[in-house]
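Notes to accompany the following structure.
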Amino acid sequence: MPGVSDGARGGDPFAVLGLPRRADLSDDDVRAAWRRIAAATHPDLDDGGDPARFGAAAAAYAALRTGYDRGEVLADLGLVAARNLPAPGSRPRAWRLALRAAAAAAVCAGAFTVAGWAPASIGLAAGALTWLAATARHDLPRG
């Protein structure tokens with residue numbers, strides 16, 4: 001497969017997927033590269049595919065799936081600091097955090113309004129607050 005060399009599997013997921021090392025790649029760019037390689041190398045193909053390349057591409061896709069992940073990989077490769085590029089998702093987005101908090105509050109209020117202090121509503125509220133805690137870290141400033 002062009003763009004994927006045997007030496008690229010070691011530590012550069014961009015090279016494994018045949019992508020340029022850029023912070024502005026979209027999720028769709030990464031997904032399209034992954035699907036192209038997966039379609040050509042999947043072990044379930046009639047010819048047996050290439051399980052080693054498929055595994056390397058799957059690991060590379062997992063490493064580059066989101067903008068935050070791509071920024072982390074670029075930082076690990078030393079490319080973000082060397083070019084003074086901001087890592088994707090590094091700027092805090094207060095409006096997204098406020099929107100998530102409002103959504104969690106709405107779910108909690110709705111659950112308690114409909115079911116009262118029943119175990120199901122308490123569980124739903126705990127789930128909403130857990131979701132908020134798990135997803136809010138991307139919108140908070142680092143450091």
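Bear in mind these aren't lab numbers, they're just calculated from the coordinates by the rules spelled out. In this text the structure is predicted, and so the values were computed from the model without any measurement. Quick reminder, even Gly has a Cβ in these numbers, built from the backbone with ideal geometry, and neighbours come from all protein chains shown.
Which FRET efficiency value, to the nearest 0.05, is calculated for residue 44 and residue 109 with the Förster distance at 41 angstrom and r the Cβ-Cβ distance?
0.30
Note down the nm distance, to one decimal, between modelled labels 7 Å out along Cα→Cβ at residue 99 and at residue 24.
Those two pseudo-labels are separated by 2.2 nm.
State the extension gain, in nm to one decimal, for the chain segment bounded by residue 36 and residue 58, taking 0.36 nm per residue of separation less the distance between their alpha-carbons.
6.8 nm
Take the alpha carbon gyration tensor of segment 94-136, find the square roots of its eigenvalues, order them as a ≥ b ≥ c, and report rounded if a/c is under 1.5; if not, report prolate when a/b exceeds b/c, else oblate.
It comes out oblate by the Cα gyration axes.
Please give the peptides 64-76, 123-135 ranked by average Cβ packing (other Cβ atoms within 10 Å per residue), highest first, as a rough proxy for protection.
Order by mean packing, descending: 64-76, 123-135.
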